[in-house]
Amino acid sequence: MVLAMEDDAAVSAADIARLAGVRRAAVSNWRRRHGDFPRPVGGTASSPLFSLPEVQAWLRGRGRPFELAPIDRAWQQLRALGDDLELGARVAAAGAYLAHPVPRADDDPDLRAMLTRLAVDKGAAWTFEQLCERYFEAHSRRLSPTPPEYADLMVRLTGARGTTVLDPACGFGSLLLASGAKSARGQDSDVTTAKIAGLRLQLREVDTEVHAADALREDAFAGQEADVVLCDPPFNERSWGQEELLGDARWEYGLPPRGESELAWVQHCLAHAKPGGAVAILMPGAAAGRRSGKRIRANLLRAGALRAVVTFASGGPDLWLLTRPAPGERPPGTALIAEADVAEVEPLWRAYVERPEAVGERIIDLLDDDVDLTPALRRTAREDSGQAFLAAQQLFDKAGLRLPPLEPAAEELAHTTVGELVKSGALQVWHAPPRPADGDEPLLTADDVLAGGPPTGRAAPDEAAVTAHEGDVVASVTGAVGVHSGPPVRLGPSLSLYRVDPRRLDAEFLAGCLRAADFPVHSASTRIDARRLKVPRYPLETQRAYGAAFRALAEFDRALRTTAEIGRDLVRLGFAALAEGRLRPGAG
């Protein structure tokens, strides 16, 4: 049966994709390719809302009618009760009613009736989980639950199933739900988030205790220990409370520096694990090598607490595996430092547990001046230094360093500005949206622009995405600028797109002018403000000559940067190979 909806019901792109049985990218394509696709009626530019009756009529006209399931009717009713800023609180209230179906005076009777029918038909836990999934989709830009493949791996590696599990930065409870814990303990600084996490667990009849408070500043489980601790903490927080926690007993391995909040979370997790208990925590890649954290990393290794640092080959955070040392236990002599696909990590860990000396790195070798545990660096250190030196030498010799021919000039130039070029139609400018959701779509980053390489980032499809085509100028807030060549590519955060009218403006010329400028930057948005940038007024042919010189100078810069990197490797490998007897002084 097709259920009637209110005339003013609105749906997001994610809602349309789910209701029509397609991927979200298909909805984005419909919007781009079909001029008659319904216009947004609300929401924001990055997360628009559409009239449900208009979408239904549009899809019906293309032979794609859909039935609105009861859970989707309940979701639309819930969403229509207020603005999206308070949507999380309304989701939590719906969960509270499903857990304890006692009517309250401020309940919406229609929604309450829908939830009651769904709970009887599908179960309260299923109903709430479906509402949560739609909430996460609606706010995918700012909500980032732990990816299921990471959560499942962490559970398997720690043996969490059926135990008491703590997550001190639990978010919406993704790790605790995946753990299959007998008893789940969680904490999150956001009241609504913590409430939703607790309700998701309670409705699955898990023994649950979740608190709303910052775990580092207000430890709700002080003095308590768990069999397993799982954590996906916030990264790069400088105001995590170091000054007020100077003498905290949790800092057994050293006071975390102000810029090393992640090492505070590591020690918090260890403090709450039982002796011999396992800890799995997701960490930024930089935490394995930052000099400010080397003392704590060294102490974790010496004590036998840090057992593994694994970089996922597909990108994303690193996985640290730790064990709280038992009193009197002899620390292990090795640790696993590795790069691997997610599917390869568990077999690799099992192999390490069975043959630690064969698979792991010796602790004594890791305790050098930097205690840098970055897996890629350790892999390089294991290479034959002599062969690596010779390979680097060949690359160095091949690097071409040629400046373009330039000569003195003293011209009185007339100028226009980027803003005037935009007004005249010679130029269009777009800015990529910030903080894309995790996904599989290739994404060009600021580092890629600087290196002049292919996209290395990944993100979920987004109808607000900005895509660069052949000949577009791409610029980052850090000053990296380039003219895109090759297939279309989506731009990542902090990147701007400048599309020229080739009959009036040369792309390479504009790119050179952008790179030459010392951009003022908006402190609020961190976007390049190039509207006032002066651009010399030249005929198109002159622009092209200058553009060619700019391009040659950029290629020289990339060659110089590459050669410098190879040169540093050459020196390092030369010292190592001579000291290890892999190379010897040659004649002459």
> Taking region 445-503, which residues are without any contact (Cβ under 8 Å) to a residue 60 or more places away in the chain, hydroxyl-bearing (Ser, Thr, Tyr) and surrounded by fewer than 17 Cβ atoms within 10 Å (Cβ to Cβ)?
Replying inline: 467, 478, 485
> Is one or more of the residues making up region 411-420 at pLDDT 80 or above, touching a Pro at 6+ places or on another chain (Cβ under 9 Å), of a type in the set (Ser, Thr, Tyr) and closer than 20 Å to residue 536 by Cα?
Replying inline: yes
>> Tell me yes or no: at least one residue of region 225-237 is part of a loop (DSSP other than H, G, I, E, B), of a type in the set (Asp, Glu), at pLDDT 95 or above and assigned by TED's automatic domain parsing to the domain that holds residue 260.
In response: yes
> Being in a loop (DSSP other than H, G, I, E, B) and over 30 Å from residue 324 (Cβ atoms), is that true of even one residue in region 110-119?
Replying inline: no
> Is it fair to say residue 277 is of a type outside the set (A, V, I, L, M), buried (at least 22 other Cβ atoms within 10 Å of the Cβ) and assigned to a strand (DSSP E or B)?
Replying inline: yes
> For region 280-308, what are the residues that are part of a helix (DSSP H, G or I) and either at positive phi or polar (S, T, N, Q) (or both)?
Replying inline: 292, 299
> Out of curiosity, is residue 518 modelled with pLDDT under 75 and either in a helix (DSSP H, G or I) or in contact with a His (Cβ under 6 Å, 6 or more places away or on another chain) (or both)?
Replying inline: no
> at pLDDT below 85, within 21 Å of residue 415 (Cα to Cα), among the small types (Gly, Ala, Ser) and not assigned by TED's automatic domain parsing to the domain that holds residue 46 - does that describe any residue in region 494-510?
Replying inline: no
> Among the helices (runs of 4 or more DSSP H) contained in region 43-107, which hold 2 or more residues that are in contact (Cβ under 8 Å) with a residue 12 or more places away in the chain and among the basic types (Lys, Arg)?
Replying inline: 70-79
> Being more than 24 Å from residue 317 (Cβ to Cβ) and at pLDDT below 95, is that true of even one residue in region 258-275?
Replying inline: no
> Only one of (1) under 27 Å from the mean Cα position of the chain (by Cα); (2) under 22 Å from residue 226 (Cβ atoms); (3) aliphatic (A, V, I, L, M); (4) part of a helix (DSSP H, G or I) fails for residue 353. Which number is that?
Replying inline: (1)
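The values are calculated or read from the model by the stated rules, or taken from the named source; none is laboratory data. These numbers were taken from a predicted model, which means no experiment stands behind them. Here Cβ is always computed from backbone atoms with ideal geometry, including for glycine, and neighbour counts include all displayed protein chains.
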